[in-house]
Amino acid sequence: MKIIKRDGRAVDYDRSKIVTAIEKANKEVKPKERANKEEIKGIINYIEELDKKRMLVEDIQDIIEEKLMEIGKYELSKKYIVYRYTRALVRKQNTTDESILGLIRNENKELAEENSNKNTVLASTQRDYIAGEVSRDLTKRLLLPEKIVKADAEGILHFHDADYFIQPIFNCCLINIGDMLDNGTVMNGKMIESPKSFQVACTVTTQIIAAVASNQYGGQSVDMKHLGKYLRKSYEKFKREILEKTKGEISDDIVEDLVQARLKAELKAGVQTIQYQINTLMTTNGQSPFVTLFLHLEKEDPYIKENAMIIEEVLRQRYEGIKNEAGVYITPAFPKLVYVLDDHNCLKGGEYDYLTRLAVKCSAKRMYPDYISAKKMRENYEGNVFSPMGCRSFLSPWKDENGNYKFEGRFNQGVVSINLPQIGIIADGDEDKFWKLLDERLELCFEALMCRHYALLGTTSDISPIHWRYGAIARLNQGEKIDKLLYGGYSSISLGYIGLYEVTKAMKGVSHTTKEGHEFAVRVMRHLRETVDKWKEKTNIGFALYGTPAESLCYKFARIDKEKFGTIKDITDKGYYTNSYHVDVREKIDAFEKLSFESEFQNISSGGAISYVEIPNMQKNLDALENLVKFIYDNIQYAEFNTKSDYCHECGFDGEIIINDNNEWECPNCGNKNRSKLTVVRRTCGYLGENFWNAGKTKEIKQRVMHL
């Protein structure tokens, strides 16, 4: 049996701890009031005969109190309650020593594996994690209602980002980069004026990204279209300088050639600045900025030609990769790229099809970009096309006082996710029971989300000037509260959900890809959507339904439910739950069918949705990828490619890297064991890299992550 402690950790059941606790209480009462060894053994036997895989420590203590009362040990029961209360006070004084010291000694495995983008060996990362442990501790003990903490521990819901909850900061956003570049900004008390060239604009953009990322805990997105005008400024500057220098002594054609040569050099240097600064800067939370670059060509954009050049250079440099310390080109984790398919670049004879072919080639080698269909997005969002936030959540359409749609400069207040499979397991096919329990747990999620909202309410602009005073989100006055931005749908707050496939299996015995399963799954999704819409109407807060791409949460919920309910075929036996509405990876369904099927759920899950398709040997299947891209444009809003192929830089092997008996990576083709020359797909985040696991990780964990 596993015992779930108050901080959420699972430890082995130890009967001696029950004996110790009762005996300490025994010493506080008269001999006739004490529980003898047989009575204590009877209490222990009762607990063990419950035959549970998992129990909360509070539940065990409740049982002890009840059993002491049943055998007439009223005074002892009181002393035990006092003992229990005293221990609670001790815990409230200090509960973080063990986890923090384990982190410093690099022994805290749970933290080391929590975020694949953070290296817990680094002092800067440890500093963030130490603060996070303090925040998590205070959140569980003091800041959240006990029932929400208990629900999180039992896998009913997940309260995301508790390690930052102590601070009045938010999740993710769309940086209003256009306003900050055009009108200037302030960083670290220093005025940054509007750039006069593309190179400077790229540098300022990366500095803004780093400053923004350091003052929130989620990702941030930047629409690259705002850099087009600065490339034009560079062009005009170069032309003016060359004309002044040559004084009309050379032809216009030669002048243009000289200008273009300088412009291309500046374009390359500027994009390289973005790529290298994002990958070498480290934010205050101990990692590179979790940033997404949005690549969208708008027909009416006066700088469309310049933006096409920028997108081409971004894709070209991503295709090339970045050298690691061994000098081998690898795929950087950031920035993430999202490429928009529109009627002028959807591979149907459009003017910018060449960019899409480059994007496909880049996806085949480097896993990015992701793809958004402008056609489908306009259908779902009142004719608008805009970037997902860094965490892949989407905002709802919102109009300013002039009736203009606005997306940049908006943000997400936070996320709480519900465990759908657990409800299905408990209901066991009884729909009345299922819907009743679902509503009860949704109400609990609502309370948890309101805790997130209240934590931000009353925050003043001074808490993060880059966000609230200098343009990333708003330009409020010094000391002004941000409250008006928390209402009216300006910002979102998200209900995530895990395991639509598994809950359908639990309730109907079939996948949600079957007719019967599909009907039930759609009802569940619509019920979730209707619920958040009701919350939005009731509170005037932008509640949204979000298909959380939370891989670690899929494991947490599945692990808890397996311990609690045992092994259930196609549900808890896999070791993971399926993300949001996704089709389970074991289903026999081709990529086109999968995208078509999942598109219906994206429309319902408008607060965030992405679909994945896995294609082996992508670099050898460019035609297939192009066909998929055409299909995405016509059929689904947001999709990404995954692959099963790893890569050996020594011999060019494009297959699956093995882990040998010595727990080493090894190329099955040439036997290469040099990690700097082996690339392994990190499917949880799309990252490709050689420094995958630190020393000491087990073979089992390595194989599991490679399987992902």
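The values are calculated or read from the model by the stated rules, or taken from the named source; none is laboratory data. What you are looking at is a predicted structure, and each value in this text was computed from that prediction instead of being measured. When we count neighbours, we look across all protein chains shown, and the Cβ atoms used for this are built from the backbone with ideal geometry, even at glycine. Heavy atoms of the whole protein, side chains included, go into the accessibility calculation; ligands, DNA and RNA do not. Shrake-Rupley method; radii C 1.70, N 1.55, O 1.52, S 1.80 Å.
Sort 213-226, 138-151, 319-332, 627-640 by the packing proxy (mean of other Cβ within 10 Å over each peptide's residues), most packed first.
Values: 213-226: 22.9, 138-151: 17.3, 319-332: 15.1, 627-640: 21.0.
Listed from highest to lowest mean packing, they are 213-226, 627-640, 138-151, 319-332.
What does the helix-only formula give at 222 nm for the chain: each DSSP H stretch with n ≥ 4 adding -39500 (n - 2.57), the total divided by the residues, and the result rounded to the nearest 500 deg cm²/dmol?
Only helices count here, giving -15000 deg cm²/dmol.
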Using the Cβ atoms and a cut-off under 12 Å, what net charge is assigned to the surroundings of Leu476, where Lys and Arg are +1 and Asp and Glu are -1? +1
FRET efficiency for Glu320 and Lys399, Cβ-Cβ distance as r, R0 = 45 Å, nearest 0.05? 0.60
Hey, rough spin-label estimate for Tyr329 and Arg523, points 7 angstrom out along Cα→Cβ, what's it come to in nanometres? 5.4
Working out 0.36 nm times the residue gap between Asn384 and Asp257, then minus their Cα-Cα distance, what length gain in nm do you get to one decimal? 41.9 nm
Can you compute the modelled spin-label distance between Met450 and Glu58, with each label point 7 Å from Cα toward Cβ, in nm? 1.9
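In the calculated pair distance distribution of the chain, what percentage of Cα-Cα distances lie above 35 Å? Present the calculation step by step, with values, prior to reporting the outcome.
On the way: 122326 of 250278 pairs.
It works out to 49 percent of all Cα pairs.
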SASA check, Lys673, accessible area w/ 1.4 Å probe, all protein chains in place, rounded to nearest 10 Å², comes out at 110
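Can you give the local net charge around Ile560? Use residues other than it whose beta-carbon is closer than 11 angstrom to its beta-carbon, Lys and Arg +1, Asp and Glu -1.
Details: positive: Lys2, Lys53, Arg54, Lys556, Arg559, Lys562, Lys564; negative: Asp152, Glu154, Asp561, Glu563.
The answer is +3.
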Keeping every protein chain present and rolling a 1.4 Å probe, give me the accessible area per residue for the chain in Å². 43
Kindly rank 69-79, 552-562 from highest to lowest mean number of other beta carbons found within 10 Å of each residue. 552-562, 69-79
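Between Lys147 and Glu480, what length in nm is gained on full extension when 0.36 nm per residue of separation is reduced by their alpha carbon distance? Each step should come with its number before you reach the end.
Values: separation 333, 0.36 × 333 = 119.88 nm, distance 3.37 nm.
Roughly 116.5 nm would be gained on extension.
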Provide the solvent-accessible area of Glu351, counting protein heavy atoms only and rolling a 1.4 Å probe, rounded to the nearest 10 Å². 120
I'd like the accessible area for Cys391: 1.4 Å probe, protein heavy atoms, all chains in place, Å² to the nearest 10. 30
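Rank by packing, highest mean first: peptides 408-421, 182-195, 493-506, with packing defined as the count of other Cβ atoms within 10 Å averaged across residues. Provide the component values of the computation, followed by the final result.
On the way: 408-421: 25.7, 182-195: 13.9, 493-506: 27.8.
Descending mean neighbour count gives 493-506, 408-421, 182-195.
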How large a share of the accessible area of the chain, in percent, is made up of carbon and sulfur atoms when the probe is 1.4 Å and the other protein chains stay in place? 49
Ala10 paired with Lys673, simple spin-label distance in nm, labels 7 Å along Cα-to-beta-carbon: 3.4
Acute angle (nearest 10 degrees) that the helix 591-604 long axis makes with the longest principal axis of the chain, alpha-carbon atoms: 70
